[in-house]
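What follows draws every value from the coordinates through simple rules; no lab data is involved. Worth saying up front: this structure is predicted, and the values here are computed from it rather than measured. No Cβ is skipped: glycine too gets one built from the backbone with ideal geometry, and neighbour counts run over all protein chains shown.
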């Protein structure tokens with residue numbers, strides 16, 4: 001999962017180092033003088049046109065995320081930890097987008113639920129019939 005040789009997701013997708021673009025800036029929020037002096041906010045832009053892996057997974061990722069993925073982190077005071085967090089988030093997003101959708105298996109209502117529904121309908125019908133005037 002290191003960014004030295006590129007980005008590797010646990011699912012087997014790989015983006016070479018040339019497909020990663022890092023940018024750094026000052027983080028927002030509290031931190032006093034430290035936050036004004038250091039560039040701890042990290043943004044990782046991943047070029048998904050360079051994505052390598054099983055063709056079906058790559059196709060799903062490109063359809064879902066497009067040609068570029070951008071992830072940023074400024075949660076810690078360490079630029080290095082924020083870089084690691086960006087790599088982890090990008091790998092999670094890639095694997096999530098590459099996962100094949102689960103097919104819904106149609107189910108039937110249970111006998112008890114059908115009986116309860118029909119009983120409730122009968123009761124509602126009888127209640128409304130009781131509201132009608134007897135002479136028409």
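Based on alpha-carbon atoms, the Kirkwood radius and the radius of gyration of the chain give Rg/Rh equal to 1.44. Label sites at residue 89 and residue 70, each approximated as a point 7 angstrom past Cα along Cα to Cβ, lie 1.2 nm apart. Against the chain, whose longest principal axis comes from its Cα atoms, helix 111-131 is set at around 50 degrees.
Based on the convex hull around the alpha carbon atoms, the range 81-136 presents an average projected area of 9.5 nm².
Spacing of the modelled spin labels on residue 117 and residue 132, each 7 Å from Cα toward Cβ, amounts to 2.5 nm.
Against the chain, whose longest principal axis comes from its Cα atoms, helix 79-98 is set at around 40 degrees. With respect to the chain, whose longest principal axis is taken over its alpha-carbon atoms, helix 55-65 is tilted by about 80°.
Could you tell me the calculated FRET efficiency between residue 18 and residue 108, based on Cβ-Cβ distance and R0 = 30 angstrom, to the nearest 0.05?
E(calc), rounded to 0.05, equals 0.05.
Across the range 22-136, the relative contact order, built from alpha-carbon pairs under 8 Å that are at least six residues apart, equals 22 percent.
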